[in-house]
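J.: Got a structure here, written out as structure tokens. Questions coming.
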Amino acid sequence: MLNRWLVAGQLCLAAAFLLHPQSSAAAASQSPAPRSANPPIRTLLPEDAGDLFLARGEFVEAIDAYSRAPYDAATLNKIGVAWHHLSAVGQAKMNYERALSLRPNFPEALNNLGAAYFAQKQYGQAIRLYRRALQLSPDSAVTAANLGTAFFAEGRSAPGLEAYRNALSMDPTIFDLDSPQIINGPITDEDRARQDYCIAELFAQMGSQDRALDYLRKAFTAGFKDRRRLAQDPVFAALRTTAEYASLTGEFRLQ
């Protein structure tokens, strides 16, 4: 099972998700069991201790623990995730690349290396890595969402929208993810507004008016002001007849 570690922005719209396998120790730390039921860290194997530190957001401690674990692709990928959360993208890339040198067809590490290139605004390389990761793991909604975000960052909204549609088809809750483990990514307000507007279109096409309104609000907040496009967009025809739509557009003076 994959655990989603987020890097960058509000949900996936502002950058990229990180991925690594979820361990039993990390799962235990997220369970509703009393804290006393969790094993003391000193009794855990180094990798399990690292997973627990990572789940707690204690990234330096996680790196130290993982460094005492067996040298393998999974551990190197996790070390990269911890460095990534510390905004040490160069260190993160080095560890993802080491993981891939041991396991070239490791989709989580490919996705995470793509996220590192995305953070450095090397969107073309990020796209290539996300595509390769999707070939190996075609049911990864996270990687599909990352691919869409990279396309949008390049100004390629059509393939970006298609990638988002693919992500939503695999996981309708993909854009609902929220976590304190989020770091802002390289995206302008204009790009964010355009992405959020497109997400609103997708939800409107799916018949989810509440979600469409949520993302229209995000788009307006980010600075979307194209009244003509909004008024003529056929996917919002039904939404425009609702009181909620009138209230929202009135609030932002987009009527």
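J.: Sort 107-118, 211-222, 193-204 by packing, meaning the average of other beta carbons within 10 Å per residue, with the highest value first. Provide the component values of the computation, followed by the final result.
T.: Working: 107-118: 28.1, 211-222: 20.5, 193-204: 22.7.
Order by mean packing, descending: 107-118, 193-204, 211-222.
J.: Tell me, Kirkwood radius of the stretch 188-255 from alpha-carbon pair distances, in Å? List each step's numbers first, then the result.
T.: Values: mean 1/r = 0.0868 Å⁻¹.
Answer for the stretch 188-255: a Kirkwood hydrodynamic radius of 11.5 Å.
J.: Here's something else I'd like to know. Among all the aspartates and glutamates, which ones have a C-alpha under 12 Å from Lys121's C-alpha, if same-chain residues fewer than 8 places away are not counted?
T.: Qualifying aspartates and glutamates at Cα under 12 Å: Glu154.
J.: What net charge is computed for the residues neighbouring Ala153, neighbours being all others with C-beta under 12 Å from the C-beta of Ala153, Lys and Arg scored +1, Asp and Glu -1?
T.: The answer is +1.
J.: Please list the equivalent ellipsoid semi-axes of the stretch 114-255, computed as the square roots of five times the alpha-carbon gyration tensor eigenvalues, in descending order and whole angstrom.
T.: With the √(5λ) rule applied to the stretch 114-255, the semi-axes are 28, 16, 13 Å.
J.: No solvent, one uniform scatterer per C-alpha: report log10 I(q)/I(0) for the stretch 38-101 via the Debye equation at q = 0.15 1/Å, two decimals.
T.: Reported log10 I(q)/I(0), two decimals: -0.39.
Each value in this text was obtained by applying a stated rule to the coordinates, not by laboratory testing. Just so it is clear, the structure is predicted and the values come from calculations on it, not from any experiment. Don't worry about glycine lacking a Cβ; one is built from the backbone with ideal geometry, like all the others, and counts go over all protein chains shown.
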